[in-house]
Ligand SMILES: *[C@@H]1O[C@H](CO)[C@@H](O)[C@H](O)[C@H]1NC(C)=O
């Protein structure tokens, strides 16, 4: 009588011990808030946990002279369900990451090359800003507005890690100026000059 529960425990260990070690994303299945469904364990190989897409610099020929190359669960299914991911960030001289938040992820950025001015704003509107040199790391707490600017004389390279396998991003300027939110409403809710609003809408592809 005493050993039946023991046997049950043993069989549980033998038959289920690694069932939840990981959940490599099945990219053919839909992605929900919890990520992708798991690929069958017998089909998982070491290559699911390797991503080589961060070897090359991203294309910085754009308005902000910055490229973010993500290794999130969509590009790198091995991190699906693990609550972590990484990205490569290339910045030309003068490149900048516009003010944005990541509602579901804390971020740490590691400066590999160049000099970045980086900062975030707390929910009490206090500014935390610093010039980062090669080898410096800065944390951006989850949900807080933050930015980076390449203030050096050379290209800059950084890597960021996020506490989400699929971190979302919400850019202030795009939320305000890259859609059809009417200029008069924006003026009412921000005090910004209508002329300035129209200028930024034109720059970022908004209307209204
Ligand atoms: C980089 O992006 C620009 C603008 O979209 C494009 O014209 C250019 O061909 C791209 N360069 C490379 C190397 O892909």
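Read-outs throughout are calculated quantities, based only on the coordinates presented, and are distinct from any laboratory measurement. Predicted model only: the values in this text are computed from it and were never measured. Glycine gets a Cβ as well: all are built from the backbone with ideal geometry, and neighbour counts include every protein chain shown.
Observations, loosely collected:
- Least to most buried among 49, 140, 147 (fewest other Cβ within 10 Å first): 49, 147, 140
- Taken along the Cα-to-beta-carbon direction at a fixed 7 Å, the label points for residue 178 and residue 207 span 1.7 nm.
- Prolate/oblate/rounded label for the range 57-169 (Cα gyration tensor, a/c 1.5): oblate
- Computed extension length for residue 34-residue 106: 24.2 nm, one decimal, from 0.36 nm per residue of separation with the Cα-Cα distance subtracted.
- Mean-position separation - Cα centroids, the range 144-164 and the range 48-65, in angstrom: 13
- Column: log10 I(q)/I(0), Debye, Cα scatterers of the range 52-93, q = 0.16, 0.27, 0.30, 0.32 Å⁻¹: -0.45, -0.87, -0.97, -1.04
- Computed packing ranks the peptides 183-190, 74-81 as 74-81, 183-190, most packed first, by mean other Cβ atoms within 10 Å.
- Potential extension, residue 137-residue 49 segment - 0.36 nm per residue separation minus Cα distance: 29.2 nm
- Rg over Rh [alpha-carbon atoms, Kirkwood Rh] for the range 125-185: 1.03
- Highest average packing first - 114-122, 129-137, Cβ atoms within 10 Å: 114-122, 129-137
- What the Kirkwood sum gives for the chain is a hydrodynamic radius of 19.8 Å, with every pair of different alpha carbons counted.
- Förster radius 30 Å - calculated FRET efficiency between residue 190 and residue 124, Cβ distance, rounded to 0.05: 0.90
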